[in-house]
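The values are calculated or read from the model by the stated rules, or taken from the named source; none is laboratory data. Treat the numbers as computed from the prediction; the structure is a model and nothing was measured. Backbone-built Cβ (ideal geometry, glycine too); neighbour counts: all protein chains shown. Please note that ligands, DNA and RNA were not included when accessible areas were found on the heavy atoms of the full protein model with its side chains. Shrake-Rupley method; radii C 1.70, N 1.55, O 1.52, S 1.80 Å.
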Amino acid sequence: MTISSYNPADPADLVVAVEAPGAAGVAAAVARARAAQPGWLAIGAAARAAALGRAADAVEANAEELVALTVREVGKPVVEARGELARTVAIWRYYAQAAFAPSGAVHEPAAGEGLLLTRRRPYGVAGLITPWNFPLAIPTWKAAPALAVGNTVVLKPAPEATACALRLAELAGLPEGVLTVVPGGAEEGAALVAATDVVSFTGSTGVGRAVVAATAERGVPVQAEMGGLNAALVLPDADIAQAAAHLAAAIAGYAGQKCTATSRVIAVGDAYEPLAEALAKALAATPAADPALAATACGPVINEAALDRLTAAIGSATAAGATLLAGGRRTEQDGWYLEPALLENVPADHPLRTEEFFGPVAVLLHAADLDEAIALANDTRHSLSTSVHSRDLDVALAAADRLDAGMVRVNAPSSGVDFHLPFGGAKAASYGSREQGQAVLDFYTASRTVTLLPAGGAR
């Protein structure tokens, strides 16, 4: 099977076409990674740190090429692409130092002489399955920590991000078998899950659940990030203009194709009318446009199927009585463009209120008070990131404690992420250990308890 990746801003532009290796090819790649792993671990922390540092240098040295490739392959606006590139470099460097992180502790024995200690060791081969929306950063934030602690890596990117993944691995310049990219689709993904020693997945909820089930059957550690139906709460005392700007960025930025994007806006009390007006204006001022232009914030959605799904959902919502306050229409330019949309009066059981659509579309809801707003925000199977907008810090912090979300951001867009902190969602949004920060180092290693007694036994 041929894996083909096209430019979503110019669907006639074929970015790359490669042959998928099939299940046998994935198994062979995992075998090579397993053969390389003991040597990668044995070279020691300093050598692994240096290798990851050189990868960071190479990515940075080829920044403009990678930015242009990201814009072309996944339609990411160029300003965001530059931000992702900088973040990718920083992640490589951050985890280069993680090779030296403490990997255990020494404990006092319960009785007698001796030594008790714990030590963390790599599992072996890490199987990584990554989405297309952050084609450089997500493969890096999965691969770099796995590599730092001594695993080797086999990466299967989303087909739509094949060229970015191949070029990233090439530039990383790691030894043969240490970081391998296997292009492909469902067959290759299933083969990778079936063969590796620890699995990290980011993608859709349906596929994520299948990955979790397959790894559970094998007894293999897994983490799965499966997106979110994220809410923003705007209280009457908020700076409405600032909140509208933040929400527009979280709804329309990169055409809403972030798992941390805002898709439900909950206006509390008297905030509703001024927020509806300000947010509609802010979205109208964020048109879908060519991602190569510096002024563009909202580029195309990834493909025609995504565009069709979004427009069908908007159409069914308006047919059911919803009102479009902004956008919601395809543009006439080439490519898969949708004007950022805001709808009100969407029925409670409509999919736009219950499912993640991964596009520049949000629904506006009204809550009488903070209690009702929190209940609305929590009424979802998966919530990754929620934002709260208020001038009252006590109220915002109290809300943060009651929200079912992995990340809560106050007076900021829901779509921001700090790579040195734990990343993950609540309920069905995530499964297993957190990604990023120091937390992920434990995920990629197994703890061993070692008991040492004096020769001849305790005295």
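Give me the 1.4 Å probe accessible area per residue for region 303-459, excluding ligands and nucleic acids, in Å².
Per-residue accessible area for region 303-459 comes out at 46 Å².
Out of the chymotrypsin sites (Phe, Trp or Tyr not before Pro) in region 67-101, which ones are loop residues according to DSSP with at most 15 other C-beta atoms within 10 Å? Walk me through the numbers on the way to the answer.
On the way: sites: Trp92, Tyr94, Tyr95, Phe100; in loops: Phe100.
Qualifying residues, ordered by number: Phe100.
I need the shape label for region 214-309. Rule: rounded when a/c is under 1.5, else prolate if a/b > b/c, else oblate, with a, b, c from the alpha carbon gyration tensor. If you can, show how the numbers build up before the last one.
Working: a/c = 2.89, a/b = 1.44, b/c = 2.00.
It comes out oblate by the Cα gyration axes.
In region 1-98, if the dipole is taken from +1 on Lys/Arg beta carbons and -1 on Asp/Glu beta carbons about the Cα centre, which of Ser5, Gly83, Ala31 is farthest to the positive end?
Going by the Cα projections, it comes out as Ala31.
With a cut-off of at most 12 other beta carbons within 10 Å, and DSSP calling the residue loop, which GluC sites (Glu not before Pro) in region 63-134 qualify? Please list them. Numbers along the way, then the final one.
Working: sites: Glu64, Glu65, Glu73, Glu80, Glu84, Glu113; in loops: Glu113.
Here the GluC sites (Glu not before Pro) that fit, given the DSSP loop and packing criteria, are Glu113.
If you fit an axis through the alpha-carbon atoms of helix 22-42 and take the longest principal axis of the Cα set of the chain, what angle between them do you get, 0 to 90°, nearest 10?
For 22-42 against the chain, the angle is about 60 degrees.
Once you place label points 7 Å from the Cα toward the Cβ at Ala241 and Thr318, how far apart are they in nm?
3.1 nm
Along the charge dipole of the chain, pointing to its positive end and built from +1/-1 on Cβ of Lys, Arg, Asp and Glu, which listed residue (Pro274, His389, Ser447) has its Cα farthest out?
Ser447
Which percent of the accessible area of region 273-399 is formed by carbon and sulfur heavy atoms (probe 1.4 angstrom)? Spell out each step's value before the answer.
Working: 2880 of 5450 Å².
Roughly 53 percent, rounded to a whole number.
Provide the per residue accessible area, probe 1.4 Å, for region 117-209, rounded to a whole number of square angstrom. Write out the running numbers ahead of the final one.
Working: 2330 Å² over 93 residues.
Using a 1.4 Å probe on heavy atoms only, each residue of region 117-209 averages 25 Å².
Specify whether the C-alpha gyration tensor of region 319-387 places it in the rounded, prolate or oblate class, a ≥ b ≥ c being the square roots of the eigenvalues: rounded for a/c under 1.5, otherwise prolate if a/b is larger than b/c and oblate if not.
prolate
Report the charge-dipole magnitude of region 270-392 in Debye, nearest 20, computed about the Cα centre from +1 at each Lys and Arg Cβ and -1 at each Asp and Glu Cβ. Numbers along the way, then the final one.
Working: 7 positive and 18 negative charges, 54 e Å.
Using Cβ point charges on Lys, Arg, Asp and Glu, region 270-392 gives about 260 debye.
Using a 1.4 Å probe on the protein chains only, how many percent of the accessible area of region 38-123 belongs to carbon and sulfur? Display every interim value, and only then the final one.
On the way: 2340 of 3980 Å².
Using a 1.4 Å probe with all protein chains present, region 38-123 comes out at 59 percent carbon and sulfur.
Charges only on Cβ, +1 for Lys and Arg, -1 for Asp and Glu: so what's the dipole of the chain about the Cα centre, in debye to the nearest 20? Provide the component values of the computation, followed by the final result.
Details: 32 positive and 46 negative charges, 358 e Å.
The calculated dipole for the chain is roughly 1720 debye.
Mind listing the long-range amide H neighbours of Arg409? Cut-off is under 5 Å, sequence gap 5 or more, other chains count too, H placed in the peptide plane at 1.01 Å from N.
Thr386, Ser387, Val388
Go ahead and estimate [θ] at 222 nm for the chain from helices alone: -39,500 (n - 2.57) per DSSP H run with n ≥ 4, summed, over the residue count, rounded to 500.
Working: 15 runs with 188 residues, N = 459.
The per-residue figure over the chain is -13000 deg cm²/dmol.
Note the full-extension length gain between Ala86 and Leu116 as 0.36 nm times their separation in residues minus their Cα-Cα distance, in nm to one decimal. Display every interim value, and only then the final one.
Values: separation 30, 0.36 × 30 = 10.80 nm, distance 4.25 nm.
Net length gain for the segment: 6.5 nm.
Taking +1 at the Cβ of each Lys and Arg and -1 at the Cβ of each Asp and Glu, which of Ala98, Cys164, Val410 sits farthest along the dipole of the chain towards its positive end, judged by Cα position relative to the Cα centre?
Value: Ala98.
In region 79-159, what % of DSSP beta bridges are antiparallel (nearest 5)? Show your work: numbers first, answer last.
Details: 4 of 10 bridges.
Of all bridge pairs located within region 79-159, approximately 40 percent are antiparallel.
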